[in-house]
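Right, one structure below, let's go through it.
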Amino acid sequence: MITVNGKEIDWIEGEKIGQALERADAYHPFMVVSLRGECLRKKEWGVVEVNDGDEIRTVEVIAGG
């Protein structure tokens, strides 16, 4: 199992961060992603694999006036 913003989903071996976010319905084009306590750059979302037991947290970035 992995946890995405407090929601547990099944772990899939070899799955990348971006795929896990989409599967957990937590993907937003403008957000900050934290994995294992470290923030990831957007270019890393399609490269970094999720490990069993990982916790992913996201914060959406919005513009305001």
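The values are calculated or read from the model by the stated rules, or taken from the named source; none is laboratory data. None of the values given here were measured: they were computed from a predicted structure. A quick note on method: Cβ atoms are made from the backbone with ideal geometry, for glycine too, and the neighbour counts reach across all protein chains shown. Side chains included, ligands, DNA and RNA excluded: accessible areas come from the protein's heavy atoms. Shrake-Rupley method; radii C 1.70, N 1.55, O 1.52, S 1.80 Å.
Things to note:
- Qualifying positions in segment 3-12 - surrounded by 14 or more Cβ atoms within 10 Å (Cβ to Cβ) and closer than 21 Å to Ile62 by Cα: Val4
- Residue match in segment 43-59 (condition: among the basic types (Lys, Arg), open to solvent by less than 90 Å² (accessible area, probe 1.4 Å) and at negative phi): no
- Qualifying position, being of a type in the set (Asp, Glu) and surrounded by 14 or more Cβ atoms within 10 Å (Cβ to Cβ), among Glu38, Glu15: Glu15
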